[in-house]
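Data block below; observations after.
The values are calculated or read from the model by the stated rules, or taken from the named source; none is laboratory data. On a predicted model such as this, the values are computed, not experimentally measured, just so you know. Every residue, glycine as well, gets a Cβ built from its backbone with ideal geometry; the counts of neighbours run over all protein chains shown.
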């Protein structure tokens, strides 16, 4: 069972009190200080960077996608290679999702029934079936430290009736996945996922049902699926307090640096998102004072690093002018250097938030963060 | 002026004596032990890898392409950034070619006259002109430790008359480039290039004319342009002895590991080729016992590294199965890990040849190399 220790809950007072919390998760592959951001290694690799780069960026845990790894190289390969850790040579903790989000976002013709999800591969159109048990079984083969229950993720907008149907299946699947996991020995950890779309009532129902199962941790799914940011905040703010205080809370697939700061303030512990790595590959780089497009002509002769305040490998070695040249020339090194910078930025932001919570200065940090990012 | 010291000439005897030589080149950015292979950093970056990766691979000097860097980011940017070393953060020696090969291989509608070469950019079709003086001037802006004279490179096959016309222009341009360089102060180093296609008589004429100019080093151009390997060897074997013993000898754009061993045996000191990096990106990896295609299905479950005998980062950390998965998934990390391996292989091969020459065991090394690569 996961060992989660709440080190500190933000004790600040003021015009508005913070619910930010500092914690430590222990896994078989080492500890994780929360709040934490998890870089996404969809196919068993965080695009363009090595484990040493991830160490440099401060990554404590990375994410792998069960849907992708199931299709390629396939569970039989990863089983033979003795798990995703050994296969990818990543020795720190790993979290895998269940495939639920990809059935919503990527797979062709996903068909949901009480039994599970039939889908076609986005690679070759081949037909497959995931039951909640199978989703856990595959993740046990992957050997991830934190596995996720199979869920039905709705897009936005969705009707109350659609959302409720997905919620009901999500709850049943969560119970079946949990039972399968327990019967199989209960190794590693399995998290439950709260759904309920953009309906507070349904979020409450889902939270009650999912937290009624003794998962070692809980996630909020179905956010950042096309809704306005304010609505996402509203749902998170409503749902986070419904999750048990003594277990880790994970909001899936979110978000911008601003999102992370707001959601940490609301008491969220774990995040993952492709934004820092994907945006890096599109030339969008995060800085203390805002986000820049490195291909902008104004950087043509710019000798400064991306961010003077940044200690990452890229900022310590390369100018904006060189990075612009690499990006314009579509050099592979561009994607790598940009990715290192953006992930460093995200993970450094999390470290700064942890320090601020520790020092009872989270709201001060937050004010300062927004003041700088707005300039 | 370049300081080149011939440390040792192979003294072996046997059924055939070797002309392999060990030398040291001194440049403003440090020394280079020869024979050496120079990784190609066409656009100011060796595709997908950093300077630290290049250090790990054992790179002493890398190559930049004047044609590409002239078109993008442009000499005005690199001048403002204080040269290619500062721009790319590469602190070791740099060699730049003159653009001559790209006029043959890449530029649109290159037109050669006595004055120089008119050409259109392969990027945007814009019109440009390189005189031999301008080719040197741009390289002086790049600040490379070794610059190359503008030459006219012929393809294969070419007639004697065509080849001779190109040779005559190459000689005149070499003299004009040399004079320009001398007048401008003679900093860094400018090499002359011997042409003459597949005609020994013309190679002899070109060698006599080019070595008649007091360049600090000499290259053989116009090889590996489509001719059979045996013909390439014949031309190199004929031409290398015509170059002065006390200056470095560089064969441009060659070649396979086997080519390097044969040409070192003939007394060549310097090489460059896109083969190790380009083939890496196409999944072709060099090993002690031959070349493998990493996408081959037989590697699907293979826990072994690319080459058990290899000490490179890739082989020390990753299995063939994982590298096959990355390649099949088109993961950016694939190109990087493969490139590190192939460049390490090439540079380690050069180091082994240097050690063998030092130990008077070059021919023994060569026999062993071919025996293993054939299995």
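If you check B:100, B:125 for being farther than 26 Å from residue B:175 by Cα and at pLDDT below 95, only one passes: B:125. Which residues, taken from region B:86-105, are more than 16 Å from residue B:273 (Cβ to Cβ) and part of a loop (DSSP other than H, G, I, E, B)? Result: B:89, B:90, B:91, B:92, B:93, B:98, B:99. The requirement of being under 21 Å from residue B:351 (Cα atoms), modelled with pLDDT of 95 or more, within 13 Å of the chain's Cα centre (by Cα) and not in a loop (DSSP other than H, G, I, E, B) is not satisfied by residue B:54.
All conditions in (1) within 14 Å of chain A (Cβ to nearest Cβ); (2) under 30 Å from residue B:227 (Cα atoms); (3) not in a helix (DSSP H, G or I) hold for residue B:70, with the sole exception of (3). One residue stands out among those in region A:187-196 that are out of contact with any strand residue (DSSP E or B) (no Cβ under 6 Å at 6 or more places or on another chain) and closer than 14 Å to residue A:171 by Cα: the one that is surrounded by the fewest Cβ atoms within 10 Å (Cβ to Cβ), which is A:196. With respect to the conditions (1) in contact (Cβ under 8 Å) with a residue 40 or more places away in the chain; (2) part of a helix (DSSP H, G or I); (3) under 19 Å from the mean Cα position of the chain (by Cα), residue A:78 lacks only one, and its number is (3). Residues that are within 21 Å of residue B:220 (Cα to Cα) and touching a helix residue (DSSP H, G or I) at 6+ places or on another chain (Cβ under 9 Å) were ranked within region B:98-113; the one that is surrounded by the most Cβ atoms within 10 Å (Cβ to Cβ) is B:98. Among the residues of region B:308-317, which ones are surrounded by 21 or more Cβ atoms within 10 Å (Cβ to Cβ) and either closer than 14 Å to residue A:88 by Cα or touching a strand residue (DSSP E or B) at 6+ places or on another chain (Cβ under 8 Å) (or both)? Hits for region B:308-317 are B:314, B:315. Among the residues of this structure, residue B:60 counts as one that is under 14 Å from the mean Cα position of the chain (by Cα) and either on the phi < 0 side of the Ramachandran plot or not in a loop (DSSP other than H, G, I, E, B) (or both).
When B:174, B:184, B:166 are screened for being within 17 Å of residue B:227 (Cβ to Cβ) and either touching a residue at least 40 places away in the same chain (Cβ under 8 Å) or outside the structural domain of residue B:227 (by TED's automatic domain parsing) (or both), only B:166 passes.
To keep it simple, each residue is scored yes or no on (1) within 14 Å of chain B (Cβ to nearest Cβ); (2) more than 21 Å from the chain's Cα centre (by Cα); (3) under 30 Å from residue A:55 (Cβ atoms).
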position	(1), (2), (3)
A:86	yes, yes, yes
A:91	yes, no, yes
A:95	no, no, yes
A:105	no, no, yes
A:112	no, yes, no
A:118	no, yes, no
A:126	no, yes, no
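The strands (runs of 3 or more DSSP E) found entirely in region B:248-363 that carry 1 or more residues being closer than 19 Å to residue B:59 by Cα, free of Cβ contacts under 8 Å to residues at least 60 places away in the same chain and away from chain A (no Cβ under 14 Å) are B:249-251, B:284-287.
If you go through region A:17-45 and keep only what is in contact with a helix residue (DSSP H, G or I) (Cβ under 6 Å, 6 or more places away or on another chain), modelled with pLDDT of 95 or more and in a loop (DSSP other than H, G, I, E, B), you end up with A:20, A:35, A:39, A:42, A:43, A:44, A:45.
Counting only residues that are surrounded by fewer than 16 Cβ atoms within 10 Å (Cβ to Cβ) and closer than 11 Å to residue A:196 by Cα, region A:156-167 holds 5 of them. Only one of the numbered conditions (1) free of Cβ contacts under 8 Å to residues at least 24 places away in the same chain; (2) in contact with a helix residue (DSSP H, G or I) (Cβ under 7 Å, 6 or more places away or on another chain) is not met by residue B:200, and that is (1).
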